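Report on the structure given below.
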Amino acid sequence: IAVLQIVKESQQQHGLRHGDFQRYRGYCSRRLRRLRKTLNFKMGNRHKFTGKKVTEEILSDNRYLLLILMDAERAWSYAMQLKQEANTEPRKRFHLLSRLRKAVKHAEELERLCESNRVDAKTKLEAQAYMAYLTGMLRFEHQEWKAAMEAFNKCKTIYEKLANAFTEEQAVLYNQRVEEISPNIRYCAYNIGDQSAMNELMQMRLRSGGTEGLLAEKLEALITQTRAKQAATMSEVEWRGRTVPVKIDKVRIFLLGLADNEAAIAQAENEETKERLFESLLSECRDAIQAVREELKPDQKQREHSLENDSGKVSNIQYLHSYLTYIKLSTAIRRNESMAQALQKALLQPQRAEEDGKRTPRPQDLIRLYDIILQNLVELTQLPGLEEDKNFQKEIGLKTLVYKAYRCFFIAQSYVLVKKWSEALVLYERVLKYAREVQSGAGAHTNSLKELPDVQDLITQVNAEKYSLQAAAILDANDAHEAESPSQVKDGKPLSERFETFCLDPSLVSKQVSLVHFPPGFQPIPCKPLFFDLALNHVAFPPLEDKVEQKAKSGLTGYIKGIFGFKS
């Protein structure tokens, strides 16, 4: 069986890509249950446990070896899970060591079974390397540095030989494992007494941008411990002509490591590593500033008293706080500038369609970065203790002009994309104005501007962009004029309403030709008038009493006459 390949694929597919050891442990348990059921190798029934061991006699299927491998992986993953929890619950470290010993025991059993003639040579070597790796991790946790280094070296040697014996595709996996354990070997060598191993560990940390796994916390603790020893001799720091004492240990450690961190950033091989190192430096700086703030709180009255006595001069602890804030803001500016340079390179490359959900860079992204940089520069001018420093204020003013010029340039670029030529041209003129102010005001501050982007290159680029913008504006105006000619205008009217006007309409030969409006719209038509006799209510009719016959008198005589038909 390919031990390392099976282990790596299982780990990547079931939780370890995100550091979820509990999920991987659950997967190992489920796979063990499936294997035992398939091989009919059950440990008793639900009422009684009956232990069974895999022996050479029953080794007729490679899945028996997988049983032991999954046992070891389950114990190892549980140990790594406990290692994460041991940061807050130290008692779990004892359980961690117990699980690691269990994993080593299973690995030794796997190695013993692989000595059988039924197992090929490659599997034997991989089983030996796997056992050496787990043994090294156990010794590493016990801080038995010599035994751990021997085990890791044995593991490294086996994987290097296997990598040389197979094709490049198969060797990638072995080389990755060798790279994983190399920092552990150097760390063990350092603890044994090899001082040169510390430099190699730092170089490994630079190349990877930070270590992972078993060594991560120990290496960071080692670096902090080394700096703490050096910090014992550090008592003061000088900045802008003023020397202030440094009494806080955390601040001493940070200032001692500042040069190393900046060198690491300068030597970073790619943008991702550089970004990670910037974030690490900013995190350490924030911790140091927080420590100074805690010292500032009880010293509030003393600082106010010192302000009165020293005629406005800030106290040492306040000046140290300003220095650390200056480092934080300057680092943030350098980080954003590095990101802006990476985005500029991406903008210069030919635009491709969006792949894997990644959005293509736009000038608006750079505008946001330069806005943040300008905000940081405003905060720098407001630092306590530097309000009267004319040279410092002049330097920050020049830097502000440089970044304003670049911000205006990319705003103009964004207007060019939407064909707003006049606005873009005005912004280009503003860029040239800022750039000339920087050149005229540089003078004695040339050294402070060396780290900034070159203004002369920006002027050259703006002049070229102005000419291309004017040409594009003229072409766009011609296109607009041609588009408005009567022979090409289509106003949306159907053919029945524009017989008298010639118009190029490609839709006339398509399936969706517009001949008439259908259904036709409603049109107003005359209707039959309605008459209302409103005067009838106000007419006075003439009297008709003289024309109406008087009614005959009624009575018995009239009644009798009526019966017999006599009428008057």
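The values are calculated or read from the model by the stated rules, or taken from the named source; none is laboratory data. Note that this is a predicted model, so its numbers are computed, not measured. Cβ: placed from backbone, ideal geometry, glycine included. Neighbour counts: every protein chain shown. What goes into the accessible areas is simple: the full protein's heavy atoms, side chains included, and nothing from ligands, DNA or RNA. Shrake-Rupley method; radii C 1.70, N 1.55, O 1.52, S 1.80 Å.
Quick notes
- Take the conditions (1) within 22 Å of SER29 (Cα to Cα); (2) in contact (Cβ under 8 Å) with a residue 60 or more places away in the chain; (3) open to solvent by less than 10 Å² (accessible area, probe 1.4 Å); ALA129 misses just one of them, which is (1).
- Residue that is least open to solvent (accessible area, probe 1.4 Å), among those in the range 102-114 that are touching a helix residue (DSSP H, G or I) at 6+ places or on another chain (Cβ under 7 Å) and of a type outside the set (A, V, I, L, M): CYS114
Residue-wise test of (1) open to solvent by less than 10 Å² (accessible area, probe 1.4 Å); (2) touching a Pro at 6+ places or on another chain (Cβ under 7 Å); (3) not β-branched (Val, Ile, Thr).
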site	(1), (2), (3)
TRP76	no, no, yes
PRO90	no, no, yes
LEU100	yes, no, yes
VAL119	no, no, no
LYS124	no, no, yes
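- Residues in the range 297-319 include at least one that is modelled with pLDDT of 80 or more, out of contact with any helix residue (DSSP H, G or I) (no Cβ under 8 Å at 6 or more places or on another chain) and farther than 30 Å from GLN413 by Cα.
- Subset tally (residues that are crowded, with 17+ Cβ neighbours inside 10 Å, of a type in the set (D, E, K, R) and over 16 Å from ARG93 (Cα atoms)) for the range 134-149: 0
- Search result, residues across the range 272-287 that are without any contact (Cβ under 8 Å) to a residue 40 or more places away in the chain and of a type in the set (Gly, Ala, Ser): SER283
- Of everything listed in (1) farther than 17 Å from ALA464 by Cβ; (2) within 32 Å of the chain's Cα centre (by Cα); (3) of a type in the set (Ser, Thr, Tyr); (4) open to solvent by 20 Å² or more (accessible area, probe 1.4 Å), the single unmet condition for TYR403 is (4).
- Filtered residue count, the range 482-500, keeping only those that are surrounded by 11 or more Cβ atoms within 10 Å (Cβ to Cβ), in a loop (DSSP other than H, G, I, E, B) and modelled with pLDDT of 75 or more: 3
- Of all residues in the range 140-156, those that are outside any loop (DSSP other than H, G, I, E, B) and within 16 Å of GLY193 (Cα to Cα) total 7.
- The condition (being acidic (Asp, Glu), assigned to a helix (DSSP H, G or I), at pLDDT 80 or above and not assigned by the TED database to the domain that holds THR123) is satisfied by just one residue among GLU238, GLU262, GLU275, GLU220: GLU275.
- Residues of the range 371-385 that are assigned to a helix (DSSP H, G or I) and either at positive phi or polar (S, T, N, Q) (or both): GLN375, ASN376, THR381.
- Checked against the criterion of being surrounded by 15 or more Cβ atoms within 10 Å (Cβ to Cβ) and not polar (S, T, N, Q), the range 54-62 has at least one qualifying residue.
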